[in-house]
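Engineer: The structure follows.
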Amino acid sequence: MLKTRVITALILLAILLPILYFDYFPAFAMVVLVFFAAGAWECFRLFKSPRPAVWAVLWTLAFCVILFFSGLPSVRPLYVLCVVLWAIRFAPALALGLPRAEVFANRLLNGTYMLSILGCFVAIVDLFQRSPLYLLSVMAVVWVADIGAYFAGKGFGRHKLAPSISPGKSWEGAIGGWLAVLVISAAVAMSVGLGETFELRLYSRWGWLGFVGVLTVMVVASVVGDLFESQLKRRAGMKDSSNLLPGHGGVLDRIDALIPVLPLAALIDLWLAAP
């Protein structure tokens, strides 16, 4: 299992690192389209939608139009909508539960979650166009939170965060991930010669108070995104969203925590850019 996981990771890195290093947008856009199509297909499977492949193709065509033919028009309303959906619909579902798979409310939830995935991928493209480093600096917040939570949970985890959804997660792990993000992000913000990063821009415009506040909200959003996908998988009776990435599960398993965070970060970036 570990060998398979490592091989898959190396293949993905061999594809992505040259694209990021050379900042070649057409190749990046094609990779993003492939991952979006896979994520869309997994999403419709999680919601027990009939003909998930057909729906995935339709959503991918819509994303393709946005990506290649519209030149990414003003995306602020999409980011705002994604943030609102997470705040008033997806996060409360962790406590209130999910609708049954056969009712209309489930199809509506399916559509809104798919919209949030679209917002996530639009944000990926938007942040990449600023610079590959800038995109990575945003995504690193989620990765550091996840890694920090894992080790803190292993070492100190005593109190379950959401036992009915994801028994392995603890409050101690979540707090450890949050502290890791603050420490690593502060180091990135203070690094000389690294280049423009989200952390540096955040600190430069809003100071330490805004820095800590925004990163705290992003960490909370990443935990909610992870738990919500776990809740969907538990309802669907699936361990992973798919087996498209051997050793890692599916695309949604890799980006679940990024789905609420990236539109939020892209919206904050627009505010940071305001005069």
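The values are calculated or read from the model by the stated rules, or taken from the named source; none is laboratory data. If you're wondering where the values come from, they're calculated on a predicted model, not measured in any experiment. Neighbour counts are summed over all protein chains in view; Cβ atoms, including those assigned to glycine, are modelled from backbone coordinates with ideal geometry. Calculation scope for accessible area: heavy atoms of the full protein, side chains included, ligands and nucleic acids excluded. Shrake-Rupley method; radii C 1.70, N 1.55, O 1.52, S 1.80 Å.
Engineer: Which entries of Lys48/Lys239; Lys169/Lys239; Lys3/Lys160 have Cα-Cα distances beyond 19 Å here?
Structural biologist: Over 19 Å apart, Cα to Cα: Lys3/Lys160.
Engineer: What ranking, highest mean first, results for peptides 258-266, 126-134 when packing means the other Cβ atoms within 10 Å averaged over each residue?
Structural biologist: Descending mean neighbour count gives 258-266, 126-134.
Engineer: Note the listed values [x] -0.93, -1.44; [y] -0.90, -1.62; [z] -0.89, -1.17, then indicate which one is log10 I(q)/I(0) by the Debye sum over Cα atoms at q = 0.13, 0.17 Å⁻¹ calculated from this particular structure.
Structural biologist: [y]
Engineer: Something else: Loop by DSSP (not H, G, I, E, B), at most 15 other beta-carbon atoms within 10 Å: where is the longest site-free stretch of the chain for GluC sites (Glu not before Pro)?
Structural biologist: Counting only loop sites that pass the neighbour cut-off, the longest clear stretch is 1-101.
Engineer: Okay, moving on. With runs of 4+ DSSP H residues as the only contributors, calculate the mean residue ellipticity of the chain at 222 nm using -39,500 (n - 2.57) per run, divided by the residue total and rounded to the nearest 500.
Structural biologist: -25000 deg cm²/dmol
Engineer: Rolling a 1.4 Å sphere over the protein heavy atoms, what is the accessible area per residue of segment 184-275, to the nearest Å²?
Structural biologist: For segment 184-275, the per-residue accessible area is 40 Å².
Engineer: Report the FRET efficiency, 1/(1 + (r/R0)^6), for Arg254 and Leu17, where r is their Cβ-Cβ distance and R0 is 22 Å, rounded to 0.05.
Structural biologist: Step by step, r from the Cβ atoms, then E = 0.85.
Engineer: Normalised by the number of residues in the chain, what is the relative contact order in percent for Cα pairs under 8 Å and 6+ residues apart?
Structural biologist: Value for the chain: 25 percent.
Engineer: Roughly what would the spin-label model give for Glu196 and Leu136, points 7 Å off Cα along C-beta, in nm?
Structural biologist: Going from the Glu196 label point to the Leu136 one covers 1.7 nm.
Engineer: Through the Karplus equation 6.51 cos²θ - 1.76 cosθ + 1.60, θ set to phi - 60°, convert the phi angles of segment 4-20 into ³J(HN,Hα) values in whole Hz; use x for Gly and Pro.
Structural biologist: Running phi through 6.51 cos²θ - 1.76 cosθ + 1.60 with θ = phi - 60° gives 4, 4, 5, 4, 4, 4, 5, 5, 5, 5, 5, 7, 7, 4, x, 5, 5 Hz.
Engineer: Name the trypsin sites (Lys or Arg not before Pro) in segment 138-171 that are in a loop by DSSP and that have at most 13 other C-beta atoms within 10 Å, would you?
Structural biologist: Arg158
Engineer: Multiply the residue gap between Phe68 and Ala236 by 0.36 nm, knock off their C-alpha separation, and tell me the result in nm, one decimal place.
Structural biologist: The Phe68-Ala236 span can extend by a further 57.1 nm.
Engineer: Mind telling me which of Ile11, Ile19, Ile124 comes out most flexible in a GNM of the chain, alpha-carbon contacts under 10 Å?
Structural biologist: Taking springs between Cα atoms under 10 Å, the residue moving most is Ile11.
Engineer: If contacts are Cα pairs under 8 angstrom and at least 6 residues apart, what is the relative contact order of segment 204-270 in percent? Each step should come with its number before you reach the end.
Structural biologist: On the way: 44 pairs, mean separation 22.8, N = 67.
Relative contact order, segment 204-270: 34 percent.
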